[in-house]
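Visitor: The structure that follows is given in the form of structure tokens.
The values are calculated or read from the model by the stated rules, or taken from the named source; none is laboratory data. A quick note: this is a predicted structure, and the numbers were derived from the prediction, not measured. Here Cβ is always computed from backbone atoms with ideal geometry, including for glycine, and neighbour counts include all displayed protein chains.
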Amino acid sequence: MRIRSGSKRPVVDCAHPDWKEAVHSHLYNGIEVDLINFEYSLHGESCELLAQSSTMEFKLDRDPDARAAHFRKKEDWRDSTTQRPTGEGSKHP
């Protein structure tokens, strides 16, 4: 697997035959992962299942032509039933 210059996240190539095992290993260890050569019709279902079984969120790249996706750590506020804090009331007098 490759590591992007200046980044600590592994980059997994979905064209590699063992891509799923590599992603699973990183997610199991709590490591965020970037995917390249990603095609939702081929890889999407597996990634959705991997995200459900881990503490990570799975997201497609904003650019649909990029053929990329990523797993990121879930933010605590998204897991709770409360709304995201707005910062109001946290100002000191």
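Visitor: Can you pull out every residue in the range 61-77 that is part of a strand (DSSP E or B), surrounded by 14 or more Cβ atoms within 10 Å (Cβ to Cβ) and not hydrophobic (A, V, I, L, M, F, W, C)?
Guide: Going residue by residue through the range 61-77, those that are part of a strand (DSSP E or B) are 68-73.
Okay, now just the ones that are also surrounded by 14 or more Cβ atoms within 10 Å (Cβ to Cβ), so 68-72.
His70, Arg72 - these are the residues of the range 61-77 that are part of a strand (DSSP E or B), surrounded by 14 or more Cβ atoms within 10 Å (Cβ to Cβ) and not hydrophobic (A, V, I, L, M, F, W, C).
Visitor: Quick one: count up the residues across the range 19-55 that are buried (at least 18 other Cβ atoms within 10 Å of the Cβ), charged (D, E, K, R) and farther than 20 Å from Lys8 by Cβ.
Guide: 0
Visitor: What are the residues in the range 15-31 that are of a type in the set (A, V, I, L, M, F, W, C), under 11 Å from the mean Cα position of the chain (by Cα) and part of a loop (DSSP other than H, G, I, E, B), if any? So that I can check it myself, show each step before the final result.
Guide: Pass one, the range 15-31, residues of a type in the set (A, V, I, L, M, F, W, C): 15, 19, 22-23, 27, 31.
Next cut, under 11 Å from the mean Cα position of the chain (by Cα) only: 23, 27, 31.
Hit for the range 15-31 is Ile31, nothing else.
Visitor: I'm trying to understand the selection: among the residues of the range 36-60, which are part of a loop (DSSP other than H, G, I, E, B) and not small (Gly, Ala, Ser)?
Guide: Narrowing the range 36-60 to residues part of a loop (DSSP other than H, G, I, E, B): 37-39, 53-55.
Residues satisfying the conditions are Asn37, Phe38, Glu39, Thr55.
Visitor: Which numbered condition trips up Phe58, out of (1) without any contact (Cβ under 8 Å) to a residue 24 or more places away in the chain; (2) crowded, with 19+ Cβ neighbours inside 10 Å; (3) over 18 Å from Lys73 (Cα atoms)?
Guide: (3)
Visitor: Further question on the same structure: If I ask for residues that are at pLDDT below 95 and out of contact with any Lys or Arg (no Cβ under 8 Å at 6 or more places or on another chain), which ones from the range 53-65 would you list?
Guide: Answer for the range 53-65, where residues must be at pLDDT below 95 and out of contact with any Lys or Arg (no Cβ under 8 Å at 6 or more places or on another chain): Ser53, Ser54, Arg62, Asp63, Pro64, Asp65.
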